[in-house]
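The values are calculated or read from the model by the stated rules, or taken from the named source; none is laboratory data. Please read these numbers as outputs of a predicted model, since none were measured by experiment. Positions of Cβ are backbone-derived with ideal geometry, glycine not excepted, and every protein chain shown enters the neighbour counts.
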Amino acid sequence: MPSTSARPLRADAERTVRAILDAAERVLSDNPNATLEQIAEVAGVARTTVHRRFANREDLVRTMAITAWRRMDAAVDAARPQTAPPLVALHQATANVIQIKYGAAYALDRIDVSDPEVARIQANVFAKCDAAFARAQTEGVIAPDADLTWVRRVYLALITETVHGATELDTTTDPDALASRVIDTLLGGVGRGR
């Protein structure tokens, strides 16, 4: 199984799994009742290949969600939150996560937060987020009296609304532009000051 196997997949098997996961996200986003056979067709693999890699539809969706959370974990690390200037790291992590969430919306909307592997990865991402906000607070980017747990909750809600609340009125899906909007709203709010 790609999500829990201790043994790494061969490069060709990994490409096949990636193709299946990408196809599943596209197909299931358009038709949540699509079959594994329809996913296999879009992925360009045999139906038996999908069934060999995933025990059932729930296993496939679980793997999709875990893969997305692993990618978000790596995306936060790629923003260098411990070493980059806080605003730079926060912007880059936000853009990275928005891009991943756009490409994995179906899976992330159906995630089972009680799944131990999902919970472990989420906790790791949230801990990195908390550390980045603590560093930003120490460096004066965030008010010294701000409740950082609340800051994280608002931040995550802004990202979720950015991805899931998109309407025809939105003028962009560019992750950098959207990250700027999230960060500006988080740090500046929408009012004229206190």
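Below are the figures for this structure:
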| quantity | calculated |
| --- | --- |
| Test set (1) more than 26 Å from Ser29 (Cα to Cα); (2) part of a loop (DSSP other than H, G, I, E, B) - Ser114 fails condition number | (1) |
| Residue among Thr162, Thr185 that alone is touching a residue at least 12 places away in the same chain (Cβ under 8 Å), farther than 30 Å from Ala19 by Cβ and surrounded by 14 or more Cβ atoms within 10 Å (Cβ to Cβ) | Thr185 |
| Only one of Arg26, Arg53, Arg15 that is in contact with a helix residue (DSSP H, G or I) (Cβ under 7 Å, 6 or more places away or on another chain), farther than 16 Å from Ala104 by Cβ and of a type outside the set (A, V, I, L, M) | Arg53 |
| Among the residues listed as Val97, Val27, Val45, the single one being crowded, with 17+ Cβ neighbours inside 10 Å, within 20 Å of Asp174 (Cβ to Cβ) and not polar (S, T, N, Q) | Val97 |
| Per-region count, the range 72-107, residues among the β-branched types (Val, Ile, Thr) and closer than 11 Å to Ile183 by Cα | 2 |
| For Ala177: the one exception among (1) at pLDDT below 90; (2) surrounded by 12 or more Cβ atoms within 10 Å (Cβ to Cβ) | (1) |
| Some residue of the range 128-141 being within 16 Å of the chain's Cα centre (by Cα), surrounded by fewer than 20 Cβ atoms within 10 Å (Cβ to Cβ) and not acidic (Asp, Glu) | yes |
